[in-house]
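Inspection log for the structure reproduced underneath, given as structure tokens.
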Amino acid sequence: MISRDHTTLMQHPVVLVLVVLALVAAASGCGREDAPNPLGLSVEDSTSVAFSPRVQHATPPSQDQVDSARLDSVPLLTRVRGDGGIEHTYRNGASGDVLMVESLGGGACWLDMDHDGLLDCYLVQGERPGSEDRSGCSGNLLFRQREGGTFDSVSPGAGVNDRSYGQGVSAADFDNDGFVDFYVTNVGANRMYRNQGDGTFEEIGGQTGTDDGRWSSSSAWGDLDLDGDLDLYVCNYLKYDPLAPLLCEKDGESALCHPRQLAPWPDECFENLGDGTFTPVADKWGLKGDGSKALGVAVADFDNNGWPDVYVANDTTANFLFINQAESRPDGRRFVESAVRLGTAVSGSGSLQASMGIAVGDFDNDQLIDIFLTHFTGESNTLYQNLGPAGFEDISSNVGIRKASLDRLGFGAFMHDFDQNGTPELIVANGHIDERNADGDGYEQSLQLLTLVGDSWDDCSDKSGDVFQEKSVGRGIAGGDYDCDGDLDLLIVNQNSSTWLLRNDSDRGHWLKVAFTGVVSNRNGVGCRVLVRAGDKVLMQELVGGTSFCSSHEHVLVFGFGKHGSAVDIDVVWPTGTLQTLKGTTIDRSVVFIEPTAGNPDGSVHIE
């Protein structure tokens, strides 16, 4: 959330010298005690990252293993009539006061609340940000899916009708009881909802100590200490009180304040103690960086050492990449902030950007997770290619990303193979933050879909459905297979207009949907890494935590194989490092992996 007079690191001579020297030192393996270090990394920090897979695979994939037999079609997404009964509009409550909190929300998540095999969804609400009395606000909504693909609101009876000024939501089974819970971020106290298993939820934010009272944006679940339960990372944004706001002007009129005019709230991480309680550990574990102003987060194994790392998208300040050190040091510190050294702190030109949403995936098929970020108009979105031990490279200008996004202001993002031809697409929800001073494509903007063709990302939005011709103020994106047909559909949250339910009607290739039941690991299998071998092609995905913007996806992985219709071999690497293999399975079906244990060393598989 930044105006066009954004800051560029290279405009500051002192910072430029520090960054260049730090990068030279990293490239040469230099660990001199007196080496300049702009983010305060210690000598120990700057040499601690290792890219060594915990589990060695017999036939590791190579760059040329992408299926060359691509389908001719592009993805097709169709807005469901009446949005399937999901009657929801995120109202930002704008009333002329130009409050900063009006610009960001809201989010959505998919979850199967009642274990009936049908996805349900939860959406947050805003309204009246400058009002201390919230009793007259609409509240958040929980929609239960019925047979036939329609949804009914069950919010009041389920006990989840929070009336706070909502921002986002993330879902996961934090207590490993088989029922998915969720966490709601607000401007003010956040909420934690524990699924009771009977169609109702209990709000336990205060009881667990997770009711953070700061302005929070996105959140993500991940087993950061690999103890078998999910921890919670919460992005916090600015020190801003909508009840007593900082007043800002532009050309003599009220205007949105710039993020640089307010101090940041540091993020928080809550360790799951396994007994239904949490404790804050961001300071203790090293999950703190200078500046912050966080809007997006992804929990994934970016360095292939078998331990989850945390990437944070910050607004107008350097992004964070917290690398997991695999075990606590004597001081309890688990993570080292390494974004400058690994090339993901700023753009390739050295610019600080207004980073909002995050999408991750192995787009180049080298078994390394790449990072895509959405940004403000005039900045372009950024694609960081993961080069392994050499860190990341901003390749946006070389592959069509910059040109396609310069006039857009992006929020939610998702990297996924919608037409299941073996290569991914990128979908981005766009929309400006300032109706009075909107630049680029204006205040309301169109949804955008990019497809990977060779080495370039091409905008195929005009061929992918009528919904891409509509204009909106897009925010959160959540992916899930609501109609159970083996491809992922989407929820798109828009400000002040209807939330969209988009059905995936693509002309698809062959596919495989993979889900997990953790026994030793977390129940949802967050952190599982899957390699599928289809002929001479090897595809890798990881079930990551977070991503998108203020939203969370269904806990499944869907692979596309194009014209390859023969049996495939599957390797699942569980967060414990245990390897589970299924050979010669037929495709175009769903597979659920149940984790191996000491008593069942091979685990089990349920095939639908």
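Just the Cα atoms of the range 237-306, one point each, no solvent: what log10 I(q)/I(0) does Debye give at q = 0.15, 0.19 Å⁻¹?
-0.73, -0.94
Can you pull the one-decimal nm distance between simple spin-label points at residue 78 and residue 331, each 7 Å off the Cα toward Cβ?
So the label points at residue 78 and residue 331 sit 5.9 nm apart.
For the range 388-491, what % of the accessible area comes from carbon and sulfur atoms, probe 1.4 Å?
41
Tally up the carbon and sulfur contribution to the accessible surface of the range 123-196 as a whole percent, 1.4 Å probe, everything protein left in place.
Here it works out to 43 percent.
Taking 7 Å along the Cα-to-C-beta vector as the label spot, tell me the residue 260-residue 439 distance in nanometres, rounded to one decimal.
1.3
Provide the convex hull volume over Cα atoms per residue for the range 264-416, in Å³.
Dividing the Cα hull volume of the range 264-416 by its residues yields 127 Å³.
Let me check the size of the range 130-193 from its C-alpha atoms; what are the radius of gyration and Dmax in Å?
13.4, 41
If you roll a 1.4 Å probe over the range 225-337 with all protein chains in place, what percent of the accessible area is carbon or sulfur?
47
Between their Cα atoms, which of 293/513; 239/471; 239/403; 563/583 are more than 26 Å away from each other?
As for pairs spanning more than 26 Å Cα to Cα, those are 293/513; 239/471; 239/403.
How high is the relative contact order of the chain? Use alpha-carbon pairs under 8 Å, at least six apart in sequence, and give a whole percent.
This gives 16 percent for the chain.
Need one number: nm distance between label points at residue 520 and residue 134, each 7 Å from Cα along Cα→Cβ, rounded to one decimal.
Each label point lies 7 Å from its Cα, and together they span 4.2 nm.
So how do 361-372, 219-230 stack up, highest first, on mean other-Cβ count within 10 Å?
By packing density, highest mean first, the sequence is 219-230, 361-372.
So if R0 is 22 Å, what FRET efficiency would residue 579 and residue 536 give, r being the distance between their Cβ atoms, rounded to the nearest 0.05?
So, using R0 = 22 Å, E works out to roughly 0.55.
For the chain, what does the helix formula give at 222 nm: sum of -39500 (n - 2.57) over DSSP H segments with n ≥ 4, over the residue count, nearest 500 deg cm²/dmol?
Calculated at 222 nm, the ellipticity per residue is -1500 deg cm²/dmol.
Please report the equivalent ellipsoid semi-axes of the range 484-603, computed as sqrt(5 x eigenvalue) of the Cα gyration tensor, largest first, in whole Å.
Rounded to whole Å, the semi-axes are 27, 20, 11.
I'd like to check one number: the per residue accessible area of the range 118-230, probe 1.4 Å, reported in Å² as a whole number.
Counting only protein heavy atoms, the per-residue value for the range 118-230 is 30 Å².
Normalise the Debye intensity by I(0) for the chain, one equal point scatterer per Cα, no solvent, then take log10 at q = 0.10, 0.12 Å⁻¹ and round to two decimals.
Computed log10 I(q)/I(0) values: -0.81, -1.23.
So, for the range 424-475, what is the accessible surface per residue at a probe of 1.4 Å, expressed in square angstrom?
38
Counting only heavy atoms of protein chains, what accessible area per residue, in Å², does the range 238-302 have with a probe of 1.4 Å?
Dividing the accessible area of the range 238-302 by its residue count gives 44 Å².
Please list the three semi-axes, largest first and in whole Å, of the ellipsoid equivalent to the range 442-537, using sqrt of 5 times the eigenvalues of its alpha carbon gyration tensor.
Result for the range 442-537: semi-axes of 29, 20, 13 Å.
Compute the FRET efficiency between residue 456 and residue 484 as 1/(1 + (r/R0)^6), taking r as their Cβ-Cβ distance and R0 = 51 Å, and round to the nearest 0.05.
Once rounded, the FRET efficiency stands at 0.90.
Quick one: length gained pulling residue 600 to residue 393 fully straight, 0.36 nm per residue minus the C-alpha distance?
Taking residue 600 through residue 393 to full extension adds about 70.3 nm, to one decimal.
Short version: what are the Cα gyration tensor semi-axes of the range 318-396, square root of 5 times each eigenvalue, largest first, in whole Å?
24, 16, 11
Distance from a point 7 Å along Cα→Cβ of residue 243 to each backbone N in the range 178-194: keep the residues under 16 Å and list them by number.
Answer for the range 178-194: 186-190.
The values are calculated or read from the model by the stated rules, or taken from the named source; none is laboratory data. In this text, all values refer to a predicted model and were calculated from it rather than measured experimentally. Cβ sites come from the backbone with ideal geometry, for glycine too, and all protein chains shown count toward neighbours. Side chains included, ligands, DNA and RNA excluded: accessible areas come from the protein's heavy atoms. Shrake-Rupley method; radii C 1.70, N 1.55, O 1.52, S 1.80 Å.
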